Amino acid sequence: MSLLVGLFDSGLGGLTVLRQVQQRYPHSPCLYLGDTARVPYGTRTVEDIRAIAAEVVHWLREEGVGVLVMACNTSNALALDVAVAEAGVPVVGLIDSVAAVIESDRVGVLATPATAASGAYRRAVHASRPQAQVTEVGCPAFVPLIEAGELHSPALREAARGYLEPLLAAGVDTVVLGCTHYPLLSGLLQELLPPGTMLIDPAIAAVERLGPLLASLGDLPESEQPPLPPPLQQATRLCVTGCPDAFAVAAHPWLGSRPAVERVSLRLAARPA
Ligand code: DGL
């Protein structure tokens, strides 16, 4: 029996992390919670973000996750301690993964306003490169546009141009995608940035750390697992707090097929018996 991997985000963004977990650890069952009733997180107050994280992680714990992957940078930046305390199982963060993969001293970070204001990525980069110049930009328009399916709209392109200005002025050659929604914008960002600019998705390094952790908790390493029966995919349960149909439609292009999605009520689950 493999441990259940829990992931959560405000909406679609964490699916970029889920996809990587699915590809890297096809035997690990996953439980994903998209808190779509409260998206976006990144323009909320710190108190809100911490209270929401406590509620969501409590629910995931009740559902029996054996390990938690923070698929939301905003919660990671402002409520990692809350998640660790509430989870009762090991927690893999995204932001602390970034220090190991940055190889430049001119680093830009695109993130939600809350993550950018927290300075969490600046601290993470400085942990390994204290001399690095880190330019953090909050991008309030991105998540609402992505959630609305406007991946190719002029509004999105215009917003991106504006957010990239400070990074271009600072001459960065490396840009951290500091929100799990943003890997979906990689093509656009790459087009608007100077050729050769390196885009970093912190989830890649974070997901690499998950394997040794799962093995230390008793899971068979992926290389020793028996072949998977068709359709060669592990069990993944997708849950949302908002409209399941809207999420299924929006998630289709991200996941390659239209998934089954359940609506859940976190507040009920969090209430004492
Ligand atoms: N995708 C999340 C993050 O990585 C949350 C974005 C939001 O809801 O504002 O920060």
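Brief remarks on what is shown
- Rh (Kirkwood; distinct C-alpha pairs) - segment 145-220, Å: 14.3
- Per residue accessible area in Å² of the chain, where ligands, DNA and RNA are left out and the probe is 1.4 Å: 43
- GNM flexibility winner over the chain from Glu103, Glu158, Glu147 (Cα, springs under 10 Å): Glu158
- Placing unit charges on the Cβ atoms of the charged side chains and taking the dipole of the chain about its Cα centre, the candidate lying farthest along the positive direction among Tyr41, Ser128, Gly256 is Tyr41.
- Residue by residue, segment 8-13 carries 3J(HN,Hα) couplings of 9, 7, 5, x, 6, x Hz when phi is fed to the Karplus relation 6.51 cos²θ - 1.76 cosθ + 1.60 (θ = phi - 60°); x denotes Gly or Pro.
- For Val176, distant residues with modelled amide H under 5 Å away: Gly108, Val109, Leu110, Ile200
- Net length gained if the chain between Glu224 and Glu165 were fully extended (0.36 nm per residue, minus Cα distance): 16.4 nm
- GNM result for the chain, Cα springs below 10 Å: residue of Ala114, Ala99, Ala83 fluctuating most strongly: Ala99
- Taking packing as the residue-averaged number of other Cβ atoms within 10 angstrom, the listed peptides 69-75, 178-184 run from highest to lowest as 69-75, 178-184.
- Our note on the geometry: Cα centres of segment 89-117 and segment 121-146, 7 Å apart.
- Within the accessible area of the chain (1.4 Å probe), percent carbon and sulfur: 56
- Within the chain: Cβ-based charge dipole about Cα centre, in debye rounded to nearest 20 (Lys, Arg +1; Asp, Glu -1): 200
- For the chain, relative contact order (Cα pairs under 8 Å, six or more residues apart, normalised by length) works out to 26 percent.
- For segment 108-113, Karplus couplings with θ = phi - 60° (6.51, -1.76, 1.60), whole Hz, Gly/Pro x: x, 10, 9, 7, 6, x
- Karplus-based coupling profile of segment 179-194, in residue order and whole Hz: 9, 6, 6, 6, x, 5, 9, 3, x, 5, 5, 4, 5, 8, 9, x, with θ = phi - 60° in 6.51 cos²θ - 1.76 cosθ + 1.60 and x standing for Gly or Pro.
- Fraction of antiparallel bridges per DSSP, segment 1-126 only, in percent to nearest 5: 0
The values are calculated or read from the model by the stated rules, or taken from the named source; none is laboratory data. Since this is a predicted model, take the numbers as computed values, not measurements. Heads up, the Cβs are rebuilt from the backbone with ideal geometry, glycines too, and the neighbour counts pull from every protein chain shown. Side chains included, ligands, DNA and RNA excluded: accessible areas come from the protein's heavy atoms. Shrake-Rupley method; radii C 1.70, N 1.55, O 1.52, S 1.80 Å.
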